[in-house]
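Chemist: Okay, here's the structure, questions in a sec.
The values are calculated or read from the model by the stated rules, or taken from the named source; none is laboratory data. Note that the structure is a prediction, hence the values are computed from the model and not measured. Using ideal geometry, Cβ is built from the backbone for each residue, glycine included, and neighbour counts are taken over all protein chains shown.
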Amino acid sequence: MGTWGTGPLDNDAAADWCAEMDNAALHRRAKLIRHALAAAADHHASVYLDGDLASEAVAAAVAVASLLPDRPPIDSAQSLAFMQQSDIAAQPQTLARLALRALNRIDGANSELPDFWSDDYVRVLQDRQPVRAALEHAAANERATGVQPVHAEAAKARTARKRVRFTPGSVLLVPAGIHRALAVMTAREPFIAFYGCDRDPEPSEIPALCAGRPLFVVGVDRAAYATGHWGPVLWRLPEQDVPAIPPIFHQDVINGACSIIEPGVSARLLVSREECIGLERQASWSKEHIESRLEDHYEGRPNVWVEAMRVKI
């Protein structure tokens with residue numbers, strides 16, 4: 001992660017994200033902002049938060065703050081003009097709380113940005129404080145005025161759903177646009193295997209659909225399934241049929257060094273970057289990112305989050 005200052009946009013990841021937003025179609029910008037924020041906000045606490053993902057989320061938080069009535073001054077070469085033409089320009093305060101959740105996860109434990117800056121992270125937080133203050137003010141106003149009909153309906157829906165616990169072998173049905181996929185919980189949280197499924201299956205069909213090689217196995221944030229977003233458990237595979245967890249890789253943001261992690265094994269194996277090609281990066285995927293990846297898989301197009309997670313050679 002190349003950096004040239006402690007400002008919230010003073011790094012390569014933020015610059016690349018701003019450029020991507022500037023080139024994105026107007027109707028996709030709100031979705032991209034939500035994805036960037038959710039990637040950090042919903043990142044599982046037990047999984048190390050990658051520095052580039054965190055920097056993109058910080059840039060998204062700055063972008064949201066730039067549209068607020070008491071927007072903070074942003075001293076950066078990065079242009080946020082794309083926000084004026086985005087599809088959230090009329091009501092940016094609806095994203096303020098998600099942005100705050102993202103910043104809290106980034107600034108907390110098991111996160112690469114504080115480790116990267118070490119003692120200098122105090123200055124990073126000071127430079128970002130005006131952004132946080134603007135977001136906190138907007139979030140407080142939203143709660144006070146009740147301008148959150150969408151959130152209220154979502155809260156009602158959540159209480160109506162049955163909570164789902166992580167249990168090895170449990171099978172859930174995941175929507176992917178007009179398609180479907182089966183999510184199978186592995187022997188170790190937060191890893192879930194995903195299998196292709198072209199329709200809502202009959203219960204008797206589920207074991208056969210989950211018998212082959214999965215599309216992918218990744219760490220998934222608990223919020224994706226725990227409140228019933230992916231419905232109730234459809235089936236439970238026996239222990240011998242629970243999918244295995246493949247090795248994953250971690251890449252240091254400072255020197256680019258790579259290591260392979262065997263889930264459940266504390267020691268990491270240092271390897272070359274080339275040996276990590278084709279492996280999943282250590283990360284925790286949100287509900288939105290999983291569904292986006294599955295939909296792109298079925299439509300035969302590259303997924304922006306898969307591309308961002310590849311090892312940097």
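Chemist: When you scan region 109-121, how many residues do you find that are closer than 16 Å to PRO8 by Cβ and either in contact (Cβ under 8 Å) with a residue 24 or more places away in the chain or loosely packed, with under 12 Cβ neighbours inside 10 Å (or both)?
Modeler: Counting residues in region 109-121 that are closer than 16 Å to PRO8 by Cβ and either in contact (Cβ under 8 Å) with a residue 24 or more places away in the chain or loosely packed, with under 12 Cβ neighbours inside 10 Å (or both) gives 6.
Chemist: Give region 25-43 a look and list any residue that's crowded, with 17+ Cβ neighbours inside 10 Å and under 17 Å from GLU307 (Cβ atoms), or say none.
Modeler: Result: LEU32, HIS35, ALA36, ALA39.
Chemist: May I ask you to list the residues in region 275-313 that are in contact with a Cys (Cβ under 8 Å, 6 or more places away or on another chain) and closer than 20 Å to GLU56 by Cα?
Modeler: VAL311
Chemist: Give the residue that is nearest to THR3 (Cα to Cα), with candidates limited to residues of region 233-255 that are modelled with pLDDT under 90 and exposed (fewer than 13 other Cβ atoms within 10 Å of the Cβ).
Modeler: So, considering only residues that are modelled with pLDDT under 90 and exposed (fewer than 13 other Cβ atoms within 10 Å of the Cβ), the one nearest to THR3 (Cα to Cα) is ILE254.
Chemist: I need the strands (runs of 3 or more DSSP E) fully contained in region 178-285, keeping only those with at least 2 residues that are more than 25 Å from PRO114 (Cα to Cα).
Modeler: Output list reads 179-185, 191-197, 216-220.
Chemist: Condition test on ALA19, is it under 21 Å from LYS287 (Cβ atoms) and assigned by TED's automatic domain parsing to the domain that holds HIS137?
Modeler: Numbers: under 21 Å from LYS287 (Cβ atoms): no; assigned by TED's automatic domain parsing to the domain that holds HIS137: yes.
Considered against the rule, which asks whether it is under 21 Å from LYS287 (Cβ atoms) and assigned by TED's automatic domain parsing to the domain that holds HIS137, ALA19 comes out as no.
Chemist: Is it the case, given these coordinates, that GLU288 is assigned to a helix (DSSP H, G or I) and either surrounded by 20 or more Cβ atoms within 10 Å (Cβ to Cβ) or more than 16 Å from the chain's Cα centre (by Cα) (or both)?
Modeler: No; evaluated as a whole, the condition is false for this residue.
Chemist: May I ask you to list pairs of residues, at least six apart or on different chains, whose Cβ atoms are under 8 Å apart, with the first in region 229-248 being over 23 Å from GLU288 (Cα atoms) and free of Cβ contacts under 8 Å to residues at least 60 places away in the same chain and the second being exposed (fewer than 12 other Cβ atoms within 10 Å of the Cβ) and polar (S, T, N, Q)?
Modeler: none
Chemist: Kindly provide the set of residues from region 44-74 that are part of a loop (DSSP other than H, G, I, E, B) and buried (at least 24 other Cβ atoms within 10 Å of the Cβ), ordered by number.
Modeler: Once the filter is applied, which keeps residues that are part of a loop (DSSP other than H, G, I, E, B) and buried (at least 24 other Cβ atoms within 10 Å of the Cβ), region 44-74 yields only ASP50.
Here is a yes/no grid of residues against (1) buried (at least 21 other Cβ atoms within 10 Å of the Cβ); (2) touching a residue at least 12 places away in the same chain (Cβ under 8 Å); (3) in contact with a strand residue (DSSP E or B) (Cβ under 9 Å, 6 or more places away or on another chain):
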| position | (1), (2), (3) |
| --- | --- |
| ARG163 | no, yes, no |
| PRO168 | no, yes, yes |
| LEU172 | yes, yes, yes |
| ALA181 | yes, yes, yes |
| VAL184 | yes, yes, yes |
| ALA187 | no, yes, no |
| ILE192 | yes, yes, yes |
| GLY196 | no, yes, yes |
